[in-house]
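These notes concern the structure reproduced below.
The values are calculated or read from the model by the stated rules, or taken from the named source; none is laboratory data. If you're wondering where the values come from, they're calculated on a predicted model, not measured in any experiment. Because the Cβ atoms are built from the backbone with ideal geometry, glycine has one as well, and the counts that use them run over all protein chains shown. Quick note on the areas: whole protein, heavy atoms, side chains included, nothing else; ligands and nucleic acids left out. Shrake-Rupley method; radii C 1.70, N 1.55, O 1.52, S 1.80 Å.
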Amino acid sequence: MTTFVDRVELHVAAGNGGHGCASVHREKFKPLGGPDGGNGGRGGDVILVVDQSVTTLLDYHHSPHRKATNGRPGEGGHRAGKDGQDLVLPVPDGTVVLGGDGTVLADLVGHGTSCIAAQGGRGGLGNAALASARRKAPGFALLGEPGHSGDVVLELKTVADVALVGYPSAGKSSLISVLSAAKPKIADYPFTTLVPNLGVVTAGATVYTIADVPGLIPGASQGKGLGLEFLRHVERCSVLVHVLDTAALESDRDPVSDLDVIEEELRQYGGLDGRPRVVVLNKTDVPDGKDLAEMVRPELEARGHRVLEVSAVSHSGLRELSFALADFVAQARAARPREESTRVVIRPKAVDDAGFSVTLEADGLFRVRGDKPERWVRQTDFNNDEAVGYLADRLNRLGVEDELLKAGARPGDGVAIGPEENAVVFDWEPTMLAGAEMLGRRGEDHRLDAPRPAAQRRKDRQAERDESEREYDEFGPF
């Protein structure tokens, strides 16, 4: 059974926004109490948060589909819908979030670091929020906006200061077990280590983490063995330690050739050229291993490497190794640029930026693209003529009709709003009515404009008296 997973494909879906409510206040002796429909709630977000207690992506390997809750629709009586609950997904420290096309969306390093993997949809406005002096009793409400959904890839890159690399059975697991409190699996056969192991080492005043990476073989950077699967865990390490086996049983292997092979694999993987190296000649407790270490040490030092002879069995040379690694780690930390607080950058929209674009496509269709037009279309109930008229008014005020005229559109031309896979297409008519002509101007209810019966009777009587006085002045008494 898989116990360690460092790469998963996650299918995330944010919550949809709740629909707004179209409601009219009803009360005895108040047949037209005005609109009182509440707004819909916001859909929940899907948020990835670094949690130090999480060390693997195993949970998402077994359950890759995650969805936040939807916002509740609005109700009458000015009652707004409840917002959807955000779905918080804990991930290990060092998780890289990739998009479907491989682009890096976020690099989550440090406890509490978070990013939004899918954003929830906005809630629709109720008819109470849409009321105005011109539109006193809207008979429609806006729909909730769908939440974002898609696939993201999570890759775990171990966050450690030191990485132990080398051939299988070179003694990396034994070293990390004696340098730290880690308890990796140790056996006398290759590929004993199947997952990276982390340990904490204290050398004087310096405390650093050390990672045991599964053994590399020739061709690891091209996917042979376990190399390609775990080489990503070396990327964040400040120091690379080559663990060379001086007691290897294979006749065609020696420490120098092993070092050359591993260095070539690291070079082909890329991005590790500037990391400091330390060469550790392990298993010097074996007589032949001690002799071989003394033979190859001058050649390795001539290449500029810091060479140390150690034995994980007899513990010889371990103290010197731990303090040497502490010095390298301290230098790397001192050379690291200081982290500055995140600056808030405000980028105001350009004065001439209309927020949308109109393009003429090869098939003669005019396509309107922009955040506002596309969002308005998604929130429009096309079964309601008044809502369609409201959309037409908004597009006209935004300047879409003017841009269509400038682009050469004529009455009857096809206009599409939105992307090709989810666009609304209609035949364009300048200043067209939306089918609600019987209601007068769009979004208005003339019942509220009509005076009350008693007031109308008083006006009629006053008009009759005025007419009588005018006739008396003109013709005299009869």
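Numbers at a glance
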quantity: Whether segment 70-138 is rounded, prolate or oblate, judged on the alpha carbon gyration tensor where a/c under 1.5 counts as rounded; calculated: prolate
quantity: Per-residue HN-Hα couplings for segment 197-206 [Karplus 6.51, -1.76, 1.60; θ = phi - 60°; Hz; x = Gly/Pro]; calculated: 10, 10, x, 10, 10, 10, 10, x, 8, 9
quantity: For segment 290-305, 3J(HN,Hα) per residue [Karplus equation, 6.51 cos²θ - 1.76 cosθ + 1.60, θ = phi - 60°, Hz, x = Gly/Pro]; calculated: 5, 5, 5, 5, 5, 6, 8, 4, x, 5, 5, 5, 5, 7, x, 8
quantity: Segment 22-114 - percent of accessible surface contributed by carbon and sulfur, probe 1.4 Å; calculated: 52 percent
quantity: Environment charge at V12 (Cβ cut-off 11 Å; Lys +1, Arg +1, Asp -1, Glu -1); calculated: -1
quantity: Long-range HN-HN contacts of V24 with modeled amide H, under 5 Å; calculated: D36
quantity: For segment 119-130, Karplus couplings with θ = phi - 60° (6.51, -1.76, 1.60), whole Hz, Gly/Pro x; calculated: 9, x, x, 6, x, x, 7, x, 5, 5, 6, 8
quantity: Under-5 Å amide H pairs with L10, H placed in peptide plane, nonlocal only; calculated: V152, V153, L154
quantity: Local net charge near G120, Cβ-Cβ under 10 Å (Lys/Arg +1, Asp/Glu -1); calculated: -2
quantity: L105 long-range amide H proximity, modeled H, under 5 Å; calculated: V97, L98, G99
quantity: Segment 271-316 shape via C-alpha gyration tensor axes, a/c threshold 1.5; calculated: oblate
quantity: Residue-count net charge about R410 - beta-carbon cut-off 11 Å; Lys, Arg +1, Asp, Glu -1; calculated: -3
quantity: Separation of the V425 and K67 label points, Cα + 7 Å toward Cβ, nm; calculated: 3.0 nm
